[in-house]
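Notes follow the structure.
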Amino acid sequence: MPFLYGNHVLKAHLGRITEDTPEHQGVVVFSMNDIPLDICTQWLALSDADLTLDTIEQLLKPVTDDLWVAAACVDRILEDATVQRSIVELGIDRTESALTRCRDVYADTTHEAEDDDAAEQRNGDARQSEAQGWSASLLSHFRAQPADAQLCRIRSVLLDRLDRLNTYVAVCKEASIQPDADDLVDDEWEDDPWAEGSGEPSTSTSATSREPLIPLSTFLTTDLLHAACLLASLEQFTALRILMERHGTRLCPYRFLILDSVPEHALAVDFRDILPVYDPAEDREKTLETKPWRVEPDFSELPEPLPSSELVKWYQVRIDLIVSSTGMIDAAFSLVQHAASQGLPGLDEMGEELSLLSRLVYDTHPPPQGADDDWTLARWKAMDPSEIVRAYLAYSTSETIAQDISRLVMPYLFVLESRAERAGRPDPTLPKRLLYEYILNAPLELVATIFEASKPTLPPAQRLIRDDEDMARLALACLYGSDSLNEWPIMSRVFECLPAWDTAEDDEDADEADTTIASLGTFVAPSTSRPRCTSADLMLFFHPLPSSSLSRALDVLDVHLESGEILARWSVPAPLRWFLQSNRNIAEQRSWANRMARRAGGSQDRLDTQEDWEWLLEDMLKLSDEGDSGSWSAFCLLSKDDIIRIFFSGLLSTGKFDIAKNLLHSHNIHLSLDPRVIEDICLTCSQEFYDNATSGNYHFGDMKLAYDCLDIPPPSERIIKEKEFIEATSRLCSFNLMSRPGMPITPLEIRLTKDRLTLVSRVLSSNNDAYKHAQVILDLVNKLGFREDVVAKVKTLAMLAETALQAEDFARAYETCENMIDTVHELRSSTRQAVTDPAVEEASEVCWVACFSLGRHPEFDDVQKKLILQGRALELCPPEKLVDILAIWHRIEEEDIQERRERLASIGHGPRASQAQRAGSFKDPVASLAARLQHLRMPDITNSPLVNHAPDAAAFANKAFSHVAANFPFSVGTRGRSLADDHDPWGSRETSRSRVDGVDVSAQASKVLQAGIGWLLGADDG
């Protein structure tokens, strides 16, 4: 066995051995006490916790194999710094022999090179060739002696580990000198005498026994850059400083990566020792001073310092990162201050930005809970100055706005002005312009506070707005540009802060100022290009105005504010610009006055007493006063009478008629209204109530108000007529007229009906018994506005007769026709030139058509009455219609004669004589007419075409009646027959007769007959 044969153990001393053990299997030699005697096995069997200085001394130092000892030392990484140092130093010591051999090889190579080039000056190329030769010789040596190569590699590892071990010890020593404040606080509380077990000594660990942040084993094996970033993230700046000092050559290239690991909320003052330093002389970054544990660095290259521009860029990126990730402006500002203390240029503006941003974040009022107010430097830079001003004052109140402008906004505006000057673009008006822009868009409550802090009575240094003319312009622009309807006290506060000028204006200046103010009304009027005039637009208008025009504008503003308060008091507020727009518009002023008079008594602001209404009238009259500034009052274009008329209309529209009557006779206020005007107002209001009524019953609702409203003025013809129309409306609605199926007719539809007689016809057609109440229907017609209209009465009687005829109530129809005939006779007798009067002609035509229609009805069996009716038709019809009517009259007469003959034939001689005597003594107009016609010489018309045209005559009568009486739309079921019944027995009988050809015969017969009838009726022979 090679192990034994190598004289490691004498065979004679073996107690026992495993038989037949193959070669190269490895053996373990134990003592008689069963302890392994193999050093390697013993070393590997020991745990890290069991390693001590004595163990190292016993196991490793006796071993003569340097490579094995060095490998054993580099293999062990312990937590005990003392033992670890002993192992590292032992390993380094065991590598000295290999290092000496390598130095000898290097020395030999260098000596040969110097002999060859002794006379030649060493330059860069010579050095490079020398280094290449030395490297080649070392490589050749390492190929020949691999153990030396391994020992050199282990030596480099152990040297780095020794440096790290020294750094770790220094860090722990520094940490033990500076205990944390938390430990001190804990110790203080642990010494509390009131704590339980106060008699026991404190068991708190001191700073020296505190656990290190990074274990030694981790620190020795981990990458140095990772350890540095870890310390930076944990804000262990002391340990990080020591690490950067001792290992600067390795960490300097990554210094900015390490700085980026520092939390953004950390203050720069805490880690200023590791921040980059600016070198003004070189205009670049100063090289970091390092203190390595070994003077000769392991690396020959040092990192290249950054130029100033790159250094500034890094600071800017770092500041942006701090603000965006943490929002801690103070930490970013501390970093800027550190850079400025090093004299680094290009960060002055960044410092200003951070200072202003810190004011915005820390000095402004906190936002309401839940508001998203996340500020970053990028957001700050992206905002324009006006947005930043609004951000400063976003959460200011009326109590703090003035102070916030002084301490937050004004410094920012001055910084902007100084920047513009440094940039070569001076702008002295910049602070004023930005401040005015904010005021023009601020709420009125804040504007009032700003103006109160700018009163002319304050010292100029304390005023926010120091120019009096600018104050006037801003006030005019803000107030006339506002849409507020309920902030009149605040507007008055603004007005009270405005300056007053003692300017003596002549007439020319006053006219110029009035013209300027008048043009303002056109300027504020909306247009397609500018739907709304803003405060900024008005500021442009007022900017060029001189103090005289501004003073006049303030006078007008005073009038408008007073007018606005009055309108708001009566629940009809208007924006202040409305007074400018309506100054030359009488229709607009009248409309607003109507709103004021009518809305004042509405549900929002009821006026129940006479004193309230008198107060309203006084205010309305005040708005139309004509004084020094009367031309700018709200109702300046309306006269006093117009205002009183509008007021009285509004009072009546509320239905308070008793107050209206009292005011008409009140001694406190005199309503100078003509009785005719009062009557017009009452009629207008009554018609409004009427049109708005949903029911025609004048005993309740709007119809009752319409009726009662007419009791205010003294009775007159128009008042009585309107009352009767309301009564007629109520009567019509009681008949349940329908405008369409299922919908009762409304009062408005009744008023809008052009021919109101059609309403009467609808009543007659929809109510079967309505014609029986002729007087009621006639009274209804009178109240519908036809009281003095005889033609309307005749038409109504004709409709009644027609309705009775369709109901086959011939007696009532005949009675109605008699009434109609008497009415027409009265009209003809009372009217001069009766023949040419259109009313007489229309009434006569309606009358004869109605008589003709009833007289020819086949079911009307009273022949005498039919003859009378046909005779009245002959009397009233035009001459060209006589032939047609006579044809019907002739048939009726034949029927009468036939009946008489039959009656005489059935009665004896005596009775016939007595009847003949009685018939001779009875003077029947129709009989006399028949007797006169018997003596008339004319052709036989029995078979004449005129008689044969009886149906055409009936059709003509129907057509004429329909034209005059508005078609009379009757529909009384199937009772009776209509005028144009095609199944008339007479018509059927006449159509069976033969007709004689020849138009000339018919024309001559008509002329003869007309001449005869005209003589019969008493017409002139000529």
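The values are calculated or read from the model by the stated rules, or taken from the named source; none is laboratory data. Worth saying up front: this structure is predicted, and the values here are computed from it rather than measured. All Cβ positions, glycine included, derive from the backbone under ideal geometry; neighbour counts span all protein chains shown. All accessible areas refer to the heavy atoms of the entire protein, side chains included, with ligands and DNA or RNA removed. Shrake-Rupley method; radii C 1.70, N 1.55, O 1.52, S 1.80 Å.
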Set of lysines near Lys793 by C-alpha distance (under 18 Å), chain-local residues within fewer than 8 positions excluded: Lys721, Lys754, Lys772, Lys783
Sequence ranges 47-56, 66-75, 533-542, ranked by mean other-Cβ count within 10 angstrom, highest first: 66-75, 533-542, 47-56
For Tyr278, residues with placed amide H under 5 Å, excluding near neighbours: Lys286
Accessible area expressed per residue, segment 719-769, with surrounding protein chains retained (probe 1.4 Å, Å²): 50 Å²
Residue-span extension gain [Phe414 to Thr534] - 0.36 nm each, minus C-alpha spacing: 40.4 nm
Which listed pairs, of Lys286/Lys381; Lys622/Lys656; Lys661/Lys723, have C-alpha distances above 21 Å, in listed order: Lys286/Lys381; Lys622/Lys656
Rough spin-label spacing in nm, given labels placed 7 Å along Cα→Cβ, for Glu452 and Ala378: 4.3 nm
About the Cα centre, charge dipole magnitude for segment 809-903 (Lys/Arg +1, Asp/Glu -1 at Cβ), debye: 180 debye
Residue-span extension gain [Glu788 to Asp822] - 0.36 nm each, minus C-alpha spacing: 10.6 nm
Residue order for Trp848, Trp592 - accessible surface, 1.4 angstrom probe, largest first: Trp592, Trp848
Accessible surface, per residue, of segment 306-364 when the full set of protein chains is kept, probe 1.4 Å, Å²: 41 Å²
Simple Cβ-charge dipole of segment 473-582, Lys/Arg +1 and Asp/Glu -1, about Cα centre, in debye nearest 20: 820 debye
